[in-house]
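S.K.: Please see the structure below; I have some questions.
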Amino acid sequence: MEIFRNTNFDFLGNKWPFIAASLVLSVAGIASMAMKGGPRYGIDFRGGTNMFVKFQNPPPVEKIRAALSRRITGEITVQTVVGNGNEVLIGTELKSDQELAASRQAMTETLEATFGQPGSGKLDFNNAGQEALANRLRDPLIGAGASLSETQLQDLLGRLKDYRDKNRSGLVASFDEFSGIPGVTPAVIRTLKEECYLAPFNVKSVDIVGPKAGAELRAQAIRATLLALAGMLVYIAFRFEWIYGVAAVVAVFHDTIITIGLFSIFNKEISLTVIAALLTLVGYSMNDTIVVFDRIRENLRLPHREKMWDLVNKSVNQTLSRTILTSGLTFLTVLALFLFGGEVLHGFSLALVIGIIIGTYSSIFVASPIVVYWQDLRDSRKRPGYRPVAAAPGPAPRRGPVKAQK
């Protein structure tokens, strides 16, 4: 399928605005990382605890941060999760495994003391597991006249927990909501009210990574990215010429630097999913560059070929439809992930959105000009009038006496 036919755009003639934009973005990103002491690594790489907490009402971010700061030392971040209602992400940076072991309990206890009913002696139903509920409600339910076997008790609590997690996203506002669940009698609801309370928050998930594991993951991520670039260089140098491999790796390195730099400028974290996106970007951008290079190689084999400048422009125009179709559809897909994928996929999709835009134009305006420059330089050396740079003058050679000719 071809969108454009017989196009004749002068891509190389318009390369300087794109090269200038790349230089500005690269310098800005590197400067941002230098001022911030490097990329902002996520919990996967620096170690610590991330807790996703959902509130019934808009969460008081400053109140949460102040309460946690009184109990936990070190950096504490509290961010509202965009697009997920009243949910916040609480992050703590912990320096040792001993701190790590107690972090989840300290965070949960702080939230309960700040927003729950401390000292009431009741169990928080919205954050209790099924085993904790069974241990707390087994005897009171039997005492209330509910003749339940252990199996029936577990089934009843399972239905209550499913209603809480699936129907109310972990937050039940009133115990009277359970009245429509099979097996829930007025005696059961009365027992729930006597033994439990409903906190206005629910801990959705907790991610914990030790500092040593985070450092190892960071080193492995850097190594994987560099090895991917090296492998691509060897592959393209073997398939084409070494200059094509260098041009392609420079373009991919350019894409990676700009993407990481923009993450630093926007103060976004580099997590494992972002590294996965960067490796995906390396393969995607390299494939796009190979398509252009392959067409250049085919046109070089023609018996009557144009100058290298015109030949590369022709090759890019011939692959323009393919580039727009592939990049356009991929961009729409990752844009949908960015807009509707939620917080878990936010970093991954953002890296791909940036990378596809940068990677598409780098194949045309970064990799191709390098090949043209090298080819022109090599051709100029083969011209008859070409002279290498003269060496510095030295002492004149000594000559013997010249004999007069008869």
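Values in this text are rule-based calculations from the coordinates and carry no lab data. Only a predicted model underlies this, so the values are computations on that prediction, with no experimental measurement involved. Don't worry about glycine lacking a Cβ; one is built from the backbone with ideal geometry, like all the others, and counts go over all protein chains shown.
S.K.: Roughly what angle does helix 320-340 make with the longest principal axis of the chain, taking Cα atoms, 0 to 90 degrees, to the nearest 10?
M.R.: 20 degrees
S.K.: A further question follows. Sort 281-288, 176-183, 314-321 by packing, meaning the average of other beta carbons within 10 Å per residue, with the highest value first.
M.R.: Going by the mean number of other Cβ atoms within 10 Å, highest first, we get 281-288, 314-321, 176-183.
S.K.: Of the peptides 151-158, 86-93, how do they stack up when ordered by the mean number of other Cβ atoms within 10 Å, highest first?
M.R.: Highest to lowest by the protection proxy: 86-93, 151-158.
S.K.: For the stretch 255-285, list residues with backbone N below 15 Å from a point placed 7 Å from the Cα of MET35 toward its Cβ?
M.R.: Label zone hits: 261-268.
S.K.: Right, here's the next one. What do you get when you divide the Cα radius of gyration of the stretch 123-199 by 2.2 N^0.38 Å, with N the number of residues?
M.R.: 0.97
S.K.: Once label points are set 7 Å from the Cα along Cα→Cβ at both ARG190 and GLN79, what is their separation, rounded to one decimal in nm?
M.R.: In this crude label model, ARG190 to GLN79 measures out at 5.0 nm.
S.K.: Next up: To the nearest 10 degrees, how steeply does helix 130-143 sit against the main Cα axis of the chain, on a 0 to 90 scale?
M.R.: 10 degrees
S.K.: Which angle from 0 to 90°, rounded to the nearest 10, does the C-alpha axis of helix 368-382 make with the longest principal axis of the chain?
M.R.: With rounding to tens, the tilt is 20 degrees.
S.K.: Here is a follow-up. Whole percent per 5 Å bin, from 0 to the bin with the longest distance: what is P(r) over all C-alpha pairs of the stretch 166-281?
M.R.: 2, 8, 12, 12, 10, 8, 7, 6, 6, 7, 7, 5, 4, 3, 2, 1, 0
S.K.: If packing is taken as the mean number of other Cβ atoms within 10 Å per residue, what is the order of 121-129, 216-224, highest first?
M.R.: 121-129, 216-224
S.K.: I would also like to ask the following. Quick one: in the chain, what % of C-alpha pairs are over 42 Å apart?
M.R.: 40 percent
S.K.: Mind checking the full-extension length gain between ALA173 and LEU300? Use 0.36 nm per residue of separation minus the Cα-Cα distance, one decimal, nm.
M.R.: Full-extension gain reported as 38.5 nm.
S.K.: To continue, here is another question. Cα-based Rg of the stretch 223-363 per 2.2 N^0.38 Å, rounded to two decimals? Display every interim value, and only then the final one.
M.R.: Numbers: Rg = 16.3 Å, N = 141, 2.2 N^0.38 = 14.4 Å.
Ratio of Cα Rg to 2.2 N^0.38 Å: 1.13.
S.K.: Follow-up. Hey, for a label at TYR197 modelled as a point 7 Å past Cα toward Cβ, could you say which residues of the stretch 49-68 have their backbone N under 17 Å away?
M.R.: Within reach of a label on TYR197: 56-57.
S.K.: Roughly speaking, what % of Cα-Cα pairs in the stretch 236-289 are separated by over 15 Å, rounded to a whole number? Before the final figure, lay out each step's value.
M.R.: Working: 739 of 1431 pairs.
Here the tail beyond 15 Å accounts for 52 percent of pairs.
S.K.: Testing the spin-label approximation: label points 7 Å from Cα along Cα→Cβ at THR330 and ARG381. State their distance in nm.
M.R.: With each label point 7 Å from Cα toward Cβ, the separation is 3.4 nm.
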